[in-house]
1. I'd like the distance between the alpha-carbon centres of region B:52-126 and region B:224-243, rounded to an integer number of Å.
2. Any idea of the accessible area per residue across region B:2-290, 1.4 Å probe, to the nearest Å²?
3. Would you please give the FRET efficiency between A:A42 and B:I146, computed as 1/(1 + (r/R0)^6) with r the Cβ-Cβ distance and R0 = 35 Å, to the nearest 0.05?
4. Once Rh is set to the Kirkwood radius over Cα pairs, what Stokes-Einstein translational diffusion coefficient, in µm²/s, holds for region A:95-168 at a temperature of 10 °C and a viscosity of 1.306 mPa s?
5. Could you work out the relative contact order of region B:223-291, using alpha carbon pairs under 8 angstrom and six or more residues apart, expressed as a whole percent?
6. Chains B and A: buried accessible surface, both sides, probe 1.4 Å, rounded to 100 Å²?
7. Using r as the Cβ-Cβ distance of B:D273 and B:L127, and R0 as 45 Å, what FRET efficiency do you calculate, to the nearest 0.05?
8. Tell me which trypsin sites (Lys or Arg not before Pro) from region B:61-146 have a DSSP coil assignment and no more than 14 other beta carbons within 10 Å of their own.
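The values are calculated or read from the model by the stated rules, or taken from the named source; none is laboratory data. Note that the structure is predicted; figures quoted are calculated from it, not measured. We place every Cβ from the backbone using ideal geometry, glycine too, and count neighbours over all the protein chains shown. Accessible surface is based on the protein model in full, side chains and every heavy atom, while ligands, DNA and RNA are left aside. Shrake-Rupley method; radii C 1.70, N 1.55, O 1.52, S 1.80 Å.
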Amino acid sequence: MRSTFGLTLSALLVLASPAAAQPTPWAQPGETAIDPYAVDNANAGARPLADGAVFEAFGGADGVSRIVDDLVDRSVRDPRLEEIFKPTDLVRLRRTLKEQVCFILGGPCAYTGRDMASSHKDLGVTTAEFNALVENLQGAMDAAGVPFRAQNRLLAKLAPMKGDVVER
Amino acid sequence: MFRRLAAVTGLWLVFTAGGAGAQDTDRSGKLLLTGGVSSVEGAGGGGLAPWALITGYGSPGQVGANVHATVVDLPDYQFRSGGIALGLQDRLELSYARQTFDTGATGAQLGLGQGFTFRQDVLGAKLRVLGDAVYDQDRWTPQVAIGAQWKSNNQPGVIAAIGGRDHEGVDYYVAATKILLDHSVLLNGTVRATRANQGGLLGFGGDRKDDYSLQFEGSAGVLLSKRLLVGAEYRTKPDNLGFAREDDWFDLFAAYAVNKNLSITAAYADLGDIATFEDQRGLYLSIQAGF
């Protein structure tokens with residue numbers, strides 16, 4: 001979830017110095033290249049759930065994919081979040097968010113995005129914005145029919161990331 | 001009781017109708033129910049006990065505020081509370097509640113006169129000192145707050161006559177709240193230093209005991225949805241007065257957040273014996289409106 005906000009800065013850096021940027025092998029067509037970084041599942045910011053029940057309740061990788069797409073769609077048109085989402089590389093965001101949620105739910109995914117602190121550095125995310133994103137995620141999970149208790153298993157993993165994401 | 005509550009509800013629905021449909025654009029910074037509801041003493045918490053949560057939906061940099069009206073309809077009395085609370089920066093909470101303890105027909109039997117009513121003003125302050133109940137899901141530490149409640153009762157004469165020492169007093173408390181999100185559970189424990197008799201409605205200190213004593217208030221709830229918290233509370237109380245035994249309080253509650261502007265709490269409350277009248281159990285209804 002936190003990589004949501006992470007792309008603005010890197011996108012700006014790329015625009016400023018295109019020679020410094022290298023495409024990553026995971027990148028999909030349409031992604032803006034960003035500076036290289038060490039890829040590690042630990043960058044996801046939470047250890048994966050041990051039992052597979054929650055991943056199943058989310059509808060597996062396909063369900064996670066639909067929920068993340070819905071989350072991004074909701075957030076892009078959310079006036080509370082437009083300052084953060086407007087300049088964001090949504091192609092990369094959708095991919096890394098899907099990886100992150102799938103990984104944290106214990107699904108068969110690797111997370112290739114950056115860690116939460118560096119991906120949100122200098123974005124100036126507030127607590128209110130963090131919570132607005134959580135509300136959009138809850139809306140997307142509701143729409144997908146994910147049971148409330150399963151939703152909270154994911155939110156419990158995401159909540160402590162606030163410390164790395166929120167800057168003001 | 002219901003007519004009065006319905007009238008108040010109607011009024012607030014009018015006030016809050018504008019905000020109710022505007023959830024998508026609402027700028028309040030906290031998640032539903034994470035400020036608790038309004039306790040009978042005005043502080044954010046459960047119905048009977050203050051929690052460490054700061055009332056309202058203000059995040060850092062924001063202010064949250066709400067008003068509440070509560071009625072507890074008991075066999076021999078009616079207890080009412082109305083008040084206002086501010087949550088500043090999700091850090092400091094200031095509250096005011098006017099409590100009314102209406103003895104109704106029981107007043108005559110107590111020799112106070114039909115419809116005799118005690119009124120108490122409660123000014124509260126609460127400061128969050130440690131932790132975060134919502135976000136600290138990767139550690140066991142709770143959110144901790146310290147608070148004080150200044151209480152002033154309008155019946156010093158009656159209080160003196162029943163053995164009470166003062167009509168004014170201050171309660172001090174420490175509250176710890178933990179939301180175990182992966183279990184959808186909320187827990188709170190509050191320790192209160194108090195001299196209050198029936199929360200201060202019958203004054204402070206008494207002929208049996210005049211000193212402060214430490215009391216415990218425990219709440220546990222399960223989140224059934226993001227809008228609905230159901231649970232139970234237990235509050236121990238001192239027993240300072242010789243003329244009548246004072247019991248612990250207990251309730252089973254359901255708190256429902258219609259949206260961030262309106263929440264309704266219904267409970268079955270058991271307040272035990274009050275001023276020699278036994279088994280005061282009844283319906284607790286509370287409405288909170290704010291942002």
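1. Here the two parts' Cα centres lie 15 Å apart.
2. Accessible surface, normalised per residue, equals 38 Å².
3. Efficiency, from the Cβ-Cβ distance: 0.40.
4. 120 µm²/s
5. Relative contact order comes out at 27 percent.
6. When B and A are taken together, about 1800 Å² of accessible area is lost.
7. Efficiency, rounded to the nearest 0.05: 0.85.
8. B:R91, B:R139
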